[in-house]
Each structure stands twice: as structure tokens, then as C-alpha cells.
1. Checking the condition farther than 21 Å from Ala251 by Cβ, of a type in the set (S, T, N, Q) and surrounded by 12 or more Cβ atoms within 10 Å (Cβ to Cβ), which residue from Ser205, Ser183 passes?
2. Tell me, yes or no, whether segment 135-142 has at least one residue that is out of contact with any helix residue (DSSP H, G or I) (no Cβ under 6 Å at 6 or more places or on another chain) and over 17 Å from Ala213 (Cα atoms).
3. Does Asp137 satisfy the criteria of being closer than 27 Å to Glu219 by Cβ, surrounded by 12 or more Cβ atoms within 10 Å (Cβ to Cβ) and either without any contact (Cβ under 8 Å) to a residue 12 or more places away in the chain or among the acidic types (Asp, Glu) (or both)?
4. Considering (1) more than 17 Å from Pro214 (Cα to Cα); (2) in contact with a Gly (Cβ under 6 Å, 6 or more places away or on another chain); (3) at pLDDT 95 or above, say which one Met125 fails and leave the rest.
5. Taking segment 90-148 only, how many residues are farther than 25 Å from Pro250 by Cα and among the acidic types (Asp, Glu)?
6. Which one is farthest from Leu255 (Cα to Cα), of the residues in segment 214-224 that are touching an Asp or Glu at 6+ places or on another chain (Cβ under 9 Å) and part of a strand (DSSP E or B)?
7. Given (1) touching a residue at least 40 places away in the same chain (Cβ under 8 Å); (2) in a loop (DSSP other than H, G, I, E, B); (3) over 16 Å from Lys263 (Cβ atoms); (4) more than 17 Å from the chain's Cα centre (by Cα), where does Ser163 come up short, assuming only one miss?
8. Being of a type outside the set (Val, Ile, Thr) and either in contact with a Phe, Trp or Tyr (Cβ under 8 Å, 6 or more places away or on another chain) or surrounded by fewer than 16 Cβ atoms within 10 Å (Cβ to Cβ) (or both) is the filter here; which residues of segment 106-127 pass it?
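The values are calculated or read from the model by the stated rules, or taken from the named source; none is laboratory data. Everything numeric here is computed off the predicted structure, so don't read it as measured data. Positions of Cβ are generated from backbone atoms using ideal geometry, with glycine treated the same way; all protein chains shown enter the neighbour counts.
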Amino acid sequence: MIHLKPLNALERSKFVKIDIRKKSGVFIFFVLTAVFVMCSAALADDIAEAGRKVAFQWGKAVVYVELVVRIDYGDGRPEESKPSGTGVIVDPYGLTLVPMSGTGIDFDGAKVVSAKIRLYDGTEMPSAVVLRDADLDMVFLRPLKKPAKPMAFVDMKTGVKVSQLQDVVVLFRQEKIANCALSAVIEQIRAVVDKPRLFYVPSLSAGSSEYGAPVFSLEGRPVGVVLYRYAASSSSYSDSDSSSIKAIIPAADVLKAAVQAPKDVPKAPSKQPTKTNKPAAKPKTSKH
């Protein structure tokens, strides 16, 4: 039979100290965990609030564009498509950038039959293509009628560079089924590619909805626009994962392309009225 020896006062105090230390350690762990969770929640709230401020600041410059594109394949049976999506106004006169890829404009023989820029308040502005840059995947539209007053636009001159894992705000328009509502997403910069030409690879959690969307820092400075970046040897209509990537084209590159756009929409050649021969006048007869 085993007899347990009762602990003396000194031994009991040691066990009490150990127990207190264990309880203290557990308490400190839970306190630190709670503080970490609270700090993380506060940080997330701060980022969300910054995103809302960016959306409020720039939302009116983010538009919804509808195109009608006719493609002539040379067989005498042209086809029409009606691509639509997000665009961004880049000057006070309504110059609007939209992606070239995915619209059908990048095919040989493609012609934009009509274009409309839908503003934040639902106003539709008939427009025309004034510039294409296949290398940068850009198409620029201008309203057919000059705006009566300066429009809200994203000033790419104020663009800023960003770093890897930096949070950015992406603004885009939903489809018409959602009334073209303004959407905002917080994304991260996954990679910074600096050669041969700078661009950023974002996380793009919203997928194709962000195509053509402007990107901003949390402070509200423009970073660039989500477009496709192509390998030098590939064509813009290639879907190969190795030859194209969705990327944020920097604001500086957008600005360089935008300043080349004509200030006015080219006028369509006026149709000359066809001349018709007047019927010969009947000879006058004199009365005798």
C-alpha cells in the first residue's frame, strides 16, 4: 500500500506559484490575442474607410461603355458584336479609355459602328473612337458633342508608384443588370515588373469585372488602369497564358497615350448631293 506524504508549507507554496504562473500565462495569451484581433479589425476598418473615400472622390470619372463592333472577315458576311464594360475618363472633355482586347476592336477589319459612354447619373453620351494603341491595349473615345462644362476625370499627371504587397483600390462599374453601379475592391500588388516596361500584377479577386478599371492608392492617387500586357511577339487576340497577363498599366503610360488623342472627333466625310439634270424647258410658242 502506497502512503502519500503530506506536503509541507514550502512545497505547497511552490505548487501554488506554478499554478499562478500557468494561469497568468494563459491570461496574457488571451489578452494579446484579443488585442491582436482588435487591432486587425481596426486596420481592416481603416482600409475599408479609405476605399470608400477613394470611391467617393473618383466614382464620377468611372463610366460604363457600350460599343457596337462590326467585323468584316472578307467573306461578304460581316458580323456584329456588342461589347460593354468599364471605362475611365482621363480629361475634362470626356476622353475615355477602354480596353482594346475583349471588345473585338483588335481584329483586322473591325469597325466601331457606334459607341456610348454612360455616366454615373445614367446620362448617355454618343461617342467615337479617336485613338487606338494595340501595344498598350488601349482605345480612346471622345463624345461626339463637346461637354457644356468640364467633366469629372482622373488626372493621370498625379500618378504614383506602388510597392509589392501594397493595398490598392480598384473601381469599376457593374453590368446593366445591376444598374451599372459603382463597385470598389481592395486588392494587393502581387508583383512589380520593371523591365522592359513597368507594370504591376494585382490580385484581381473580382476577375474580369475589373478589366478596364482605374486603380488608386489608399490615399486616392491614381496608380494606373487594369489592362492586358502582351509579350512583344504575341498578338492582342491571343489567349495564351504565356503571352498575356492582366496587369495595371501605370498612370504615366496612360498619360503618354492620352495626350496623343485628337482634341476633336474626326468628322465623317459629308455626302455630296448628286446633281440631277433639269428637264429641258418647253419652247415658248408665240401667238400669231
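1. Ser205
2. yes
3. Considered against the rule, which asks whether it is closer than 27 Å to Glu219 by Cβ, surrounded by 12 or more Cβ atoms within 10 Å (Cβ to Cβ) and either without any contact (Cβ under 8 Å) to a residue 12 or more places away in the chain or among the acidic types (Asp, Glu) (or both), Asp137 comes out as yes.
4. (2)
5. 3
6. Residue satisfying both the conditions and the ranking: Ser217.
7. Only one criterion in (1) touching a residue at least 40 places away in the same chain (Cβ under 8 Å); (2) in a loop (DSSP other than H, G, I, E, B); (3) over 16 Å from Lys263 (Cβ atoms); (4) more than 17 Å from the chain's Cα centre (by Cα) is unmet by Ser163, namely (1).
8. Scanning segment 106-127 gives Asp106, Phe107, Asp108, Gly109, Lys111, Ser114, Arg118, Asp121, Gly122, Glu124, Pro126.
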